[in-house]
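Beneath this line is the structure, given in structure tokens, with notes to follow.
Please treat every number below as a calculation from the coordinates, not as lab data. These figures come from a predicted structure and were not determined experimentally. Glycine gets a Cβ as well: all are built from the backbone with ideal geometry, and neighbour counts include every protein chain shown.
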Amino acid sequence: MQRGARPTSCSPLQLPEEYMVEVHLYGKLRRFAAEQDPAGLSIVHVPAREGDTVRQVLERLGIPLEEVGSNIFLNWQYSALSRRVRDGDRLAIFPDDMQLLYRWYFVKAEEQDDSR
Amino acid sequence: MAKILRVNMTERTATFEEVPEKYRLRGGRWLTSSITADEVPPTCHPLGPYNKVILAPGIVSGTNAPSSGRISVGGKSPLTGTIKETNAGTPFSQQLARLGIKAVVVEGYPREKGKFWILHVTKDGAEFLPADEYVGQGLYAAYPALFQRFGKQVAIMGIGVAGEMQMAMAGVCFNDIDGRPSRYSGRGGMGAVLGSKGLKFIVVDETGGPGVSIADPARFREGTRKLSEALRTHAVTKKDGALNSYGTAVLINIMNEAGGLPTRNFSSGYFEGAPKVSGEAIAEGVKRRGGAGKTGHPCHPGCIIQCSNIWPNPDGTELVSVQEYESIWAFGPNCGIDDLDVTGELIRLCNDYGLDTIEAGGTIAVAMEGGLAAFGDGKKAIELMHEIGKGTPLGRILGQGAAFTGRALGVIRVPHVKGQNMPAYEPRAVKGIGVTYTTNPQGADHTIGYTIAPEILSVGGKADPLTPEGKAELSRNFQIATAFIDSTGYCLFIAFAILDIPEGLEGVVESCAALLGADWTTDDVARIGKEILKTERNFDLAAGFTRQDDRPPEFMRYEPLPPHNQVWDVPDEALDSVWEF
């Protein structure tokens, strides 16, 4: 599938494509990474498949969704769990006790905004 | 009955006046902006005889309403030339209110240049005392000396050496809950205006004061209960919530991941060293170093949120209070510095010299851009701050703020609006906040565009932070809501809770209305907010400002900002439409 095209229905002949998403974890979610220094970077590279959403990446990591707050950033964009990831994406996840954001200035990108 | 205390620095008199009927329902920013508009000629020189400084506690300040110890300081700004209101959370506000003082108006011009005074305010009146022995002294030395002299029970407003030298980045200092000189009405150089008038300190002692009278105590209790409940349950404001655990600096990593953390004088929206100066790093450092360190520290008694902190040295002794988002950002990411001990020292110097941390950090970043230091060079940044404190010729230039410094050094990339340096949200990444920076009546300011329950203000529709559509209406509504909150005495951070919990907003309006005996409902919020904004806007228009002043600096239109690689593209017409109401 061409980068930039919107994923539509999957042809039965198309083999699942594996790629990596770079996940940056903060706060109590750092425990899902090897490096857990609160003043450092806690990064996990997660394999994902064509059509996977942020939610599926988190599930693959074993992160309980109830611990995830609303501050999710996919490639620097405030995003919903329903957004699809792509190879090389950067995903940042903050826990539910780090909800602060001047939220009214941000609008959450949803699945339907994924026309990249 | 509450009174207005009029302090005339020409005659050195302090007299109590009845509160005029038109001011009866006003407090905080509503009152300081009203008095400024009514009494200060808009074209006056901000440091001349006709400007005034007005201090007013909020409507419910001094009561047991939660998180309500805010004070508003108003007048004409020497930094921007606009009307200004700048506020802080401090016991000073609560004591003033409990002495029955609705506002202090400082006016006139001293006959003797270079002479400074203390105004000692008690239930019996106000008297002037010479401040000679504190002139030229750091506020970390002066405040303990004043508490020793006047008693631990007092509260103190003061200006530092920056205010004495009438620098445009001089803030107005208030003591925190433990007596530190650390709570600032920082923005806009109002400390310089007090300096021009020769007023160095106001020491207020509420002992034996009448307290705050509440017209309808039962309704007041119900209103404050609703707000307390909202603050205690919301994820941002509750105990062990985001603000309480990590302080406002929790935003460092968050804004960094949003690509909107201004870095190295607004040349990037991402700082690789952000995690080292984050709220998490503070919480961890405080725990590891122990000693005097503390998170969850309140700036005034009665705060439920408690977002302040005390940052310890490696040996556990106290370095500074408070390492908060804007201050850390100004000296940290904005200067390419990734060390909390360095940001802590720079913030401490601001508290000691009497400076606005945002303007000071923004100025150091511009100085770095201009070649006076390399980005990331904390040692040199500290030296530059000492130049300001000593008032050397270079320090006098820096002390005038980022825009003045940029001009002196030939720097084009100066992120300011109306002469005031932008705070810690990059407008090319978060365009709505850029609309607020550019169009509000007071120069680039982040706290002037919060919002509350959207349905009240009919904030609707979808607005992507990176697209220009819909930003004007959003920003207008935010500015209206903020103007109201700034008048109540409640901390602006209640906005996080009352945005999501409608009973919280009801509680805010009910408690204010019950105290005043007014018949307000939540429908009055927008009306009051609009009135305040129009009052301020009209002052600026009469001072000579035009819509051409409501613009971001030019470089933001042609320098794409990584990582979003966006330029400023909100049409000028959209900015102008903010004022179409």
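In whole Hz, with x marking every Gly and Pro, tabulate ³J(HN,Hα) for the stretch A:89-97 from phi via Karplus 6.51 cos²θ - 1.76 cosθ + 1.60, θ = phi - 60°.
5, 10, 10, 10, 10, 10, x, 5, 9
Can you classify the stretch B:53-121 as rounded, prolate or oblate using the Cα gyration tensor, where a ≥ b ≥ c are the square roots of its eigenvalues, rounded means a/c under 1.5, and otherwise it's prolate if a/b beats b/c and oblate if not?
Oblate, because a/c is 1.5 or more while a/b does not exceed b/c.
Assuming a ≥ b ≥ c are the square roots of the Cα gyration tensor eigenvalues, decide whether the protein assembly as shown counts as rounded (a/c under 1.5), prolate (otherwise, with a/b larger than b/c) or oblate. Let's see the in-between values first.
On the way: a/c = 1.67, a/b = 1.52, b/c = 1.10.
Here the protein assembly as shown falls in the prolate category.
Using +1 on the beta carbon of Lys and Arg, -1 on that of Asp and Glu, and nothing else charged, what's the dipole of the stretch B:105-196 about the Cα centre, debye to 20? Please report the intermediate quantities before stating the final value.
Values: 9 positive and 9 negative charges, 30 e Å.
Dipole of the stretch B:105-196, to the nearest 20 debye: 140 debye.
Lys and Arg at +1, Asp and Glu at -1: add these up for the other residues within a Cβ distance under 13 Å of B:Val154 and post the number. Mind showing how you got there, number by number?
On the way: positive: B:Arg98, B:Lys123, B:Arg149, B:Lys152; negative: B:Asp205, B:Glu206.
That sum, taken over residues with Cβ under 13 Å, equals +2.
If you rank B:Ser308, B:Ser93 by fewest surrounding Cβ atoms within 10 Å, what's the result?
Numbers: B:Ser308 27, B:Ser93 30.
The fewest-first ordering by Cβ neighbours comes to B:Ser308, B:Ser93.
Dipole of chain B (Lys/Arg Cβ +1, Asp/Glu Cβ -1, origin at the Cα centre): which of B:His416, B:Trp30, B:Ala365 lies farthest to the positive side?
It is B:Trp30.
Please compute, for peptide B:233-240, the average count of beta-carbon atoms on other protein chains lying within 10 Å of each residue's beta-carbon.
Values: counts 0, 1, 7, 7, 2, 1, 0, 1.
Counting Cβ atoms of other protein chains within 10 Å of each residue's Cβ and averaging gives 2.
Can you find, among B:Gly211, B:Gly195, B:Ile252, the residue sitting farthest towards the positive end of the charge dipole of the stretch B:176-329, where Lys and Arg contribute +1 and Asp and Glu -1 at Cβ?
So the residue we want is B:Gly211.
For B:Val342, what charge total do you get from the other residues with a beta carbon under 14 Å from its beta carbon, if Lys and Arg give +1 and Asp and Glu give -1? Display every interim value, and only then the final one.
Working: positive: B:Lys276, B:Arg348, B:Lys379, B:Lys380; negative: B:Asp338, B:Asp339, B:Asp341, B:Glu345, B:Asp377, B:Glu383.
Result for the neighbourhood of B:Val342: -2.
Using Cα pairs under 8 angstrom and six or more residues apart, how large is the relative contact order of chain B, in percent?
16 percent
Mind checking the mean number of beta-carbon atoms from other chains within 10 Å of the Cβ atoms in A:34-41? Intermediate results must be reported in sequence, preceding the final value.
Working: counts 0, 0, 0, 5, 13, 14, 4, 3.
The mean count of partner-chain Cβ atoms within 10 Å per residue comes to 5.
To make sure I understand, if each residue's beta carbon is the centre and we count other beta carbons within 10 Å, what order do B:Leu384, B:Leu31, B:Leu79, A:Leu65 fall in, fewest to most? List each step's numbers first, then the result.
Numbers: B:Leu384 22, B:Leu31 27, B:Leu79 30, A:Leu65 10.
So the ranking, lowest neighbour count to highest, is A:Leu65, B:Leu384, B:Leu31, B:Leu79.
Which of B:Ser213, B:Ser33, B:Ser268 has the fewest other C-beta atoms within 10 Å, and how do the rest follow up to the most? Let's see the in-between values first.
Numbers: B:Ser213 13, B:Ser33 30, B:Ser268 18.
Exposure proxy ranking, most exposed first: B:Ser213, B:Ser268, B:Ser33.
So what's the Cα pair-distance distribution over chain B, bin width 10 Å, in %?
Over chain B, the share of Cα pairs per 10 Å bin runs 4, 19, 31, 30, 14, 2, 0 percent.
What does the charge dipole of the stretch B:162-303 about its Cα centre add up to, to the nearest 20 debye, if the Cβ of each Lys and Arg holds +1 and the Cβ of each Asp and Glu holds -1?
Working: 18 positive and 13 negative charges, 24 e Å.
Magnitude of the dipole: close to 120 debye.
Using the Cα centre of the protein assembly as shown as the reference point, and only Cβ charges (+1 on K/R, -1 on D/E), how large is the resulting charge dipole? Debye, rounded to the nearest 20. Could the numbers behind the result be given before it?
Values: 72 positive and 85 negative charges, 231 e Å.
Here the protein assembly as shown has a charge dipole of around 1100 debye.
Give a residue-ordered list of calculated ³J(HN,Hα) values for the stretch B:373-378 (Karplus: 6.51 cos²θ - 1.76 cosθ + 1.60, θ = phi - 60°; whole Hz; x for Gly, Pro).
Working through the residues one at a time gives 7, 7, 4, x, 8, x Hz.
First select every other residue whose beta carbon is under 14 angstrom from the beta carbon of B:Asp377; then total the charges, Lys and Arg +1, Asp and Glu -1. Show your work: numbers first, answer last.
Details: positive: B:Arg264, B:Lys379, B:Lys380; negative: B:Asp338, B:Asp339, B:Glu345, B:Glu369, B:Glu383.
Summing Lys and Arg as +1 and Asp and Glu as -1 gives -2.
Using packing as a proxy for protection, rank B:235-244, B:554-563, B:49-58 so that the peptide with the highest average count of other Cβ atoms within 10 Å comes first. Walk me through the numbers on the way to the answer.
Working: B:235-244: 22.3, B:554-563: 15.3, B:49-58: 25.5.
Per-residue Cβ counts within 10 Å, averaged per peptide and sorted highest first, yield B:49-58, B:235-244, B:554-563.
With 21 Å as the limit, write out which pairs from B:Lys84/B:Lys239; B:Lys152/B:Lys200; B:Lys276/B:Lys390; B:Lys84/B:Lys123 have Cα-Cα distances beyond it, or answer none. Display every interim value, and only then the final one.
Numbers: B:Lys84/B:Lys239 33 Å; B:Lys152/B:Lys200 19 Å; B:Lys276/B:Lys390 31 Å; B:Lys84/B:Lys123 29 Å.
Listed pairs above 21 Å: B:Lys84/B:Lys239; B:Lys276/B:Lys390; B:Lys84/B:Lys123.
Once you average over the residues of B:274-285, how many Cβ atoms of partner chains fall within 10 Å of each Cβ?
On the way: counts 2, 8, 4, 1, 5, 5, 9, 4, 2, 3, 3, 2.
What the average comes to for B:274-285 is 4.
Using the beta-carbon distance between B:Asn313 and A:Ala34 and R0 = 35 Å, what value does 1/(1 + (r/R0)^6) give for FRET efficiency, to the nearest 0.05? The partial results should precede the final answer.
Working: r = 31 Å, r/R0 = 0.89.
Calculated value: 0.65.
Quick check: pseudo-label points 7 Å beyond the Cα along Cα→Cβ at B:Gln148 and B:Ala292, how many nm apart are they?
For the pair B:Gln148/B:Ala292, the computed spacing is 1.6 nm.
Residue by residue, what Karplus-based ³J(HN,Hα) values in Hz, rounded to whole numbers, does the stretch A:23-29 have, using 6.51, -1.76 and 1.60 with θ = phi - 60° and x for Gly and Pro?
My calculation for the stretch A:23-29 gives 9, 9, 10, 10, x, 5, 6 Hz in order.
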